[in-house]
Amino acid sequence: MSPRMKGADVLLYDHPGSICSQMARLALVEKGVPFARRTIDIMVTAEQFEPWYTALNPKAVVPTLKIGDEIVTDTIRIVYRIDRAFEGPPLTPSDTAAAAAMDGMMKDIMGLHYGVLLYSRRLDAAGKSPTVIERGKYLREQLTKHPERAEVLERRIAGNDRLLEILADPAEVERHVDAARALVGRLDQAIDGSDFVCGDRYTLADTFAAPCLARFRIHGFEPWWSGGDNANVAGYYRRMKERPSWSIAGVVDSGSERDL
Ligand SMILES: N[C@@H](CCC(=O)N[C@@H](CS)C(=O)NCC(=O)O)C(=O)O
């Protein structure tokens, strides 16, 4: 297939509220690539564990990008592939140092534990997360029903158990929230004097930073930038929200955890 395609036959398997899906959609929209979507219900019917889907994405996560016959998984790989494969505005800086800074920022954004950030805001009176506990039960039931899916389900159960352990430890939760707040500070420095995370043009780092900040807003972290600190991020957030891509790609900055 041509290295600079025009966007024919592009399908994104995604979920509306998933932060990684929003990143991939932003990259497609900003690049100007027409694409179709196939929603994977990762919440209620847990379609991500269906064999037809794990054949595409063995880690059973969204998003997955299909370009013709090519399957691309992992959000960082997906957005780079979008930038390289299609005609449209370049979303990677040509300068090597700026490109490395962009890559580092994307990895830092992806490196946060979004499950801890989400569910630690929604603990019950006993300090537990009913959703995460229910999820553990559901995954174990699935394992009993579908022993052939053991590899992926056991990995997911281990991750869920680890999440429960972290949620039960306020110091650990604080460490994760501090990492998120520190990232906002780093974004603020990066944006200082420029309109975007990596200089004066929209790049892949913006496809990551915008949904990340949108998610932080849902968690009630907006005062980190609306209260006077991190004023660059405040202006940046407004600018990102005003871009047509925000609504076309369905970036979500309000709603309940059921939608995420
Ligand atoms: N490293 C993966 C992470 C993807 C990921 O965690 N996706 C979440 C939604 S943002 C998911 O599919 N979760 C499904 C589940 O938890 O079972 C990537 O970058 O694609």
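Every number in this text was worked out from the coordinates using simple rules, so none of it is lab data. Bear in mind that the values here come from a model prediction, so they are computed numbers and not experimental data. Note that each Cβ is placed from the backbone with ideal geometry, even for glycine, and that neighbours are counted across all protein chains shown.
Structure notes:
- Taking the C-alpha atoms of segment 205-260, convex hull volume expressed per residue in Å³: 72 Å³
- Basic side chains Lys and Arg get +1 at the Cβ, acidic Asp and Glu get -1 at the Cβ, and with that the dipole of segment 70-220 about its Cα centre reaches some 600 debye.
- Helix-only CD estimate at 222 nm, as mean residue ellipticity for the chain, using -39500 (n - 2.57) per DSSP H run (n ≥ 4): -17000 deg cm²/dmol
- Leading residue at positive end of dipole, segment 4-100 (Cβ point charges), from LEU56, VAL10, GLN22: VAL10
- Simple spin-label estimate for GLU174 and THR39 gives 4.0 nm between the two label positions (7 Å along the Cα-to-Cβ direction from each Cα).
- Share of Cα-Cα pairs in segment 131-175 lying beyond 12 Å, as whole percent: 60 percent
- Of the residues LEU139, SER120, VAL152, the one whose Cα sits farthest towards the positive end of the charge dipole of segment 114-156 is SER120 (charges of +1 on Lys and Arg Cβ, -1 on Asp and Glu Cβ, taken about the Cα centre).
- For segment 188-228, the spread of Cα coordinates along the three principal axes comes to 28, 21, 10 Å, biggest extent given first.
- Each Lys or Arg adds one and each Asp or Glu subtracts one; over the other residues with Cβ under 14 Å from the Cβ of GLU141, this totals +4.
- For segment 81-185, alpha-carbon Rg relative to the globular expectation (2.2 N^0.38 Å, N residues): 1.46
- Label zone of THR144 (point 7 Å out along Cα→Cβ, amide N under 19 Å): in segment 9-49 this covers 45-46.
- Net charge dipole size for segment 140-213 [Lys, Arg +1 and Asp, Glu -1 on Cβ; Debye, nearest 20]: 280 debye
- Percent of beta bridges antiparallel (DSSP, the chain, rounded to nearest 5): 60 percent
- Over all other residues within a Cβ to Cβ distance under 13 Å of GLU222, the charged ones net out to +4, with Lys and Arg as +1 and Asp and Glu as -1.
- Using a Förster distance of 35 Å, the FRET efficiency for SER254-ASP103 (Cβ separation, nearest 0.05): 0.70
- In plain terms, if you count all Cα to Cα distances in segment 1-140 and split them into 5 Å steps from zero, the share in each step is 2, 9, 16, 19, 18, 15, 10, 6, 4, 2, 0, 0 percent.
- Shown here are the Rg and Dmax of the Cα trace of segment 143-260, at 17.7, 56 Å.
- Alpha-carbon centroids, segment 116-193 and segment 200-221: separation in whole Å: 20 Å
- Out-of-range pairs (alpha-carbon distance over 32 Å; input LYS31/LYS107; LYS66/LYS128; LYS66/LYS241; LYS107/LYS145): LYS66/LYS128; LYS107/LYS145
- Summing Lys and Arg as +1 and Asp and Glu as -1 over all other residues whose Cβ lies under 12 Å from the Cβ of THR207 gives a net charge of 0.
- Directionally averaged shadow of the chain, computed from the convex hull of its alpha-carbon atoms, nm²: 14.2 nm²
- Efficiency of FRET from Cβ geometry, ASP124 and ASP95, R₀ 30 Å, rounded to 0.05: 0.05
- Dipole magnitude of the chain, debye to nearest 20 (Cβ charges: Lys/Arg +1, Asp/Glu -1, about Cα centre): 400 debye
- Computed E for ILE133/ASP69 - FRET, C-beta separation, R0 30 angstrom, nearest 0.05: 0.15
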